[in-house]
There are 2 protein chains.
Amino acid sequence: MVKIAVDTAGGDHGPGTTVYGASLAMRDNAGLECLFFGDQSQIEAALPGFADTSRMEIIAADEVITDEDDPLRAVRRKKDSTIVKGLKAVAEGEADAFVSAGNSGAIFAGSVSIIGQNPNVTRPASVTVLPTVSESTPHYLIIDSGANIAAKPEHLAQYGRVGSKVAEQLLQAENPRVGLLNIGSESTKGNAFTKETFQLLSADEDLNFTGNVEPHTLLGGTHEVVLTDGFTGNIMLKAVEGTAGILMHDLLEKIKANSSLAENDEKMMEDLMYSYINRYTNQDIGGGFILGIKAPVVITHGSAGEMMFKHSVEMGAELSKSIIFQR
Amino acid sequence: MVKIAVDTAGGDHGPGTTVYGASLAMRDNAGLECLFFGDQSQIEAALPGFADTSRMEIIAADEVITDEDDPLRAVRRKKDSTIVKGLKAVAEGEADAFVSAGNSGAIFAGSVSIIGQNPNVTRPASVTVLPTVSESTPHYLIIDSGANIAAKPEHLAQYGRVGSKVAEQLLQAENPRVGLLNIGSESTKGNAFTKETFQLLSADEDLNFTGNVEPHTLLGGTHEVVLTDGFTGNIMLKAVEGTAGILMHDLLEKIKANSSLAENDEKMMEDLMYSYINRYTNQDIGGGFILGIKAPVVITHGSAGEMMFKHSVEMGAELSKSIIFQR
């Protein structure tokens, strides 16, 4: 059994979405159990009829850390919050992973202070799983996607090592291909930071480092892991997700408005568009996670719907099997 | 009359594409003249029947700077190249703008040494025009999209001032909205570089600075000018163009392969997809240009087809009317 600590209060939609999404994950994964942290009566009201109550437990947590809260202060003061209690359950071995759509700064800070750091990673990073159009390499990890904006070359070298291990489990990839995000593929390209990082990664014999990689080739499925500082990674992530989401919605509107298509053809085209939107805005994948702490913590969008939350719970379960989180 | 110096040799396709594209631009713009630099007989062979030969001149340039050439050395040594001779024609006032699909490093280096720098810009930048889904703000400028990768805050302040002027002409925008590319919209977000740049831009009373902006909102048409260092700008540019191009081609393939649509409906959907591909991979816009030199130089993709090259010639003509290039 894998036990997931679920923050039912976090996110824009509350227990109606988080409890339902987690229940869907339990329904589809027989070996999954959930610890629901939050308001007992709200959680009970949100449980769908199909929920297997023998594989779940409700743990009262009466405080909520909101997006307006200062992360560090909130983690210190709101001891009865869903985030603090959920992370403690993971730290104490009562759960294998924590999943939340709440205040990402608080989750990050709480993860470091309550669960503790992985000794092989000096500064924890955010990891986002991004989709590709390739059937053989459908996803890749971007590390760091926004946490460590003043990264040093040695941090990226650590992300490469630990990130490769986690990609083996999460992406079912043997000998994951690791690239360094850069503005050209030649080894001499980039700024002082990328040049120094390139040397460190090249020297690591345990790493399948393929060299520099540019953003537009990644979507074709060329790598399992791409390394970058948190500033550049966050810009790239938002550019990719934003472009996919806005363009697909715009195209969908055009199809709906101007189409002379027959009704069933229009429906078919709309379904195709929604499948692209869900895939390329990460609904199908779930959230991101933190690299550099001792247990898996999945942080999903505040706006996550039931399906995205379900996939985040499943990601937490998958991550807990990785060698980097064995304890 | 506006005179454009055209490098007919640059790019993957040669005079058949560049001369044809420029001839299309002349056909659609009565006030346009072209100086064609290159191989006389090849240029003559490439001229389409509709070309108005009274508005063009062929100037022999027998050397070609290839993509394999070292930019600085090539500009110094290949005095008879299309790039060096074309830039000289602009420097000497025989043409108003230079357009090329050739070696971008050589064009950049040659522009600085032959045409000379704008005294208001310490380090020239690359500008790319990107499309949005908005009807009221269909395009915006990204400065710098890849030239000055070790930018200082004062460089971006200069780009804001000069870039606003050029946006007024090129985008027909009054009081262009200027944003600073960042990983969050709050003024406290980002790294030391963006924080210092934010202060400089805020202090400039001549600038319509709106604050920080994230990549995913730009596609909605929120700004006319977005400022960033050349490294981040190049990553964003390739992420946006790459995502749009790869996703749209993937979707087009799916429509072609699996569709049960009637033939004319399939054709309609394909046309719609191609219109998106052309718009969002910049075929409809043309190339980028250099900010910080005394005359307009447009650099387009080596792979540019006839229509993209046509639009690049038209961009050169439009830029030559901007106040920043008046001499």
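Only one of A:G286, A:G316 is in a helix (DSSP H, G or I), buried (at least 19 other Cβ atoms within 10 Å of the Cβ), more than 9 Å from chain B (Cβ to nearest Cβ) and touching a residue at least 24 places away in the same chain (Cβ under 8 Å); which?
On the way: A:G286 fails: in a helix (DSSP H, G or I).
None of the other options fit; the residue is A:G316.
Filter segment B:260-278 down to the residues that are of a type in the set (S, T, N, Q) and more than 8 Å from chain A (Cβ to nearest Cβ), then identify the one that is surrounded by the fewest Cβ atoms within 10 Å (Cβ to Cβ).
Among those residues, the one meeting the criterion is B:N264.
For segment B:196-240, give me each residue that is within 14 Å of chain A (Cβ to nearest Cβ), surrounded by fewer than 23 Cβ atoms within 10 Å (Cβ to Cβ) and among the hydroxyl-bearing types (S, T, Y).
Correct list: B:T217, B:T222.
Just a yes or no: is a residue in segment B:231-248 under 20 Å from B:E306 (Cα atoms) and assigned by TED's automatic domain parsing to the domain that holds B:P153? Even if it seems obvious, please write down each step before you answer.
Within segment B:231-248, the first condition is being under 20 Å from B:E306 (Cα atoms), and the residues that meet it are B:241, B:245.
With the extra rule that they be assigned by TED's automatic domain parsing to the domain that holds B:P153, the set shrinks to B:241, B:245.
Yes; the residues of segment B:231-248 include at least one that is under 20 Å from B:E306 (Cα atoms) and assigned by TED's automatic domain parsing to the domain that holds B:P153.
Output the residue which, of all residues in segment A:139-158 that are farther than 26 Å from A:E174 by Cα and more than 19 Å from the chain's Cα centre (by Cα), is surrounded by the most Cβ atoms within 10 Å (Cβ to Cβ).
Applying the filter and picking the extreme gives A:A151.
Return the residue satisfying two criteria in turn: it lies in segment B:5-33 and is touching a Ser or Thr at 6+ places or on another chain (Cβ under 8 Å) and assigned to a strand (DSSP E or B), and of such residues it is farthest from B:M315 (Cα to Cα).
B:D7
Within the group B:K256, B:K238, which residue is farther than 25 Å from B:N175 by Cα, part of a helix (DSSP H, G or I), among the charged types (D, E, K, R) and under 22 Å from the mean Cα position of the chain (by Cα)? Please lay out each step first, then the result.
Values: B:K256 fails: under 22 Å from the mean Cα position of the chain (by Cα).
None of the other options fit; the residue is B:K238.
Give the residue, chosen from A:S187, A:S202, that is in a loop (DSSP other than H, G, I, E, B) and either among the hydroxyl-bearing types (S, T, Y) or farther than 25 Å from A:E241 by Cβ (or both).
Working: A:S202 fails: in a loop (DSSP other than H, G, I, E, B).
A:S187 is the lone residue from the list that is in a loop (DSSP other than H, G, I, E, B) and either among the hydroxyl-bearing types (S, T, Y) or farther than 25 Å from A:E241 by Cβ (or both).
Quick check: anything in segment A:298-309 hydroxyl-bearing (S, T, Y) and part of a helix (DSSP H, G or I)? If you could, list the steps in order and put the result at the bottom.
Within segment A:298-309, the first condition is being hydroxyl-bearing (S, T, Y), and the residues that meet it are A:300, A:303.
Next cut, part of a helix (DSSP H, G or I) only: none.
No, the conditions are met nowhere in segment A:298-309.
Kindly indicate which of A:L291, A:L251 is in contact (Cβ under 8 Å) with a residue 12 or more places away in the chain, within 9 Å of another protein chain (Cβ to nearest Cβ), under 30 Å from B:T228 (Cα atoms) and hydrophobic (A, V, I, L, M, F, W, C). Let's see the steps before the verdict.
Numbers: A:L291 fails: within 9 Å of another protein chain (Cβ to nearest Cβ).
Answer to the check: A:L251.
Here are the criteria: (1) part of a strand (DSSP E or B); (2) under 20 Å from the mean Cα position of the chain (by Cα). Tell me which single one A:I59 does not satisfy.
(2)
For segment A:174-194, enumerate the residues that are away from chain B (no Cβ under 11 Å) and under 21 Å from A:E214 (Cβ atoms). Steps first, answer last, please.
From segment A:174-194, those away from chain B (no Cβ under 11 Å) are A:174-180, A:185-188; that's our starting set.
Matches in segment A:174-194: A:P176, A:R177, A:V178, A:G179, A:L180, A:S185, A:E186, A:S187, A:T188.
Can you pull out every residue in segment B:162-193 that is under 24 Å from A:A151 (Cβ atoms) and either small (G, A, S) or within 21 Å of the chain's Cα centre (by Cα) (or both)?
Looking only at segment B:162-193, we keep the residues that are under 24 Å from A:A151 (Cβ atoms), and these are B:180-193.
Of everything in segment B:162-193, those that are under 24 Å from A:A151 (Cβ atoms) and either small (G, A, S) or within 21 Å of the chain's Cα centre (by Cα) (or both) turn out to be B:L180, B:L181, B:G184, B:S185, B:S187, B:G190, B:A192.
Could you run through segment B:159-174 and say how many residues are buried (at least 24 other Cβ atoms within 10 Å of the Cβ) and either without any contact (Cβ under 8 Å) to a residue 60 or more places away in the chain or not assigned by TED's automatic domain parsing to the domain that holds B:A192 (or both)?
Count: 1.
Looking for something touching a residue at least 24 places away in the same chain (Cβ under 8 Å) and under 18 Å from A:G305 (Cα atoms) - is there at least one such residue anywhere in segment A:90-98?
At the first step, the residues of segment A:90-98 found to be touching a residue at least 24 places away in the same chain (Cβ under 8 Å) are A:90-91, A:93-98.
Adding the requirement that they be under 18 Å from A:G305 (Cα atoms) leaves A:98.
The answer is yes, given that some residue of segment A:90-98 is touching a residue at least 24 places away in the same chain (Cβ under 8 Å) and under 18 Å from A:G305 (Cα atoms).
What do you reckon, is A:T243 more than 8 Å from chain B (Cβ to nearest Cβ), within 30 Å of A:N191 (Cβ to Cβ) and of a type in the set (S, T, N, Q)? Steps first, answer last, please.
Numbers: more than 8 Å from chain B (Cβ to nearest Cβ): no; within 30 Å of A:N191 (Cβ to Cβ): yes; of a type in the set (S, T, N, Q): yes.
Answer is no for this residue.
Residues are listed down the side, and each one gets a yes or a no for (1) at pLDDT below 95; (2) not in a helix (DSSP H, G or I):
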site: A:P176; (1), (2): no, yes
site: A:I183; (1), (2): no, yes
site: A:E196; (1), (2): no, no
site: A:G211; (1), (2): no, yes
site: A:T217; (1), (2): yes, no
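The values are calculated or read from the model by the stated rules, or taken from the named source; none is laboratory data. Computed from a prediction, not measured in an experiment: that's the story for all the values here. Note that we place each Cβ from the backbone using ideal geometry, even for glycine, and neighbour counts take in every protein chain shown.
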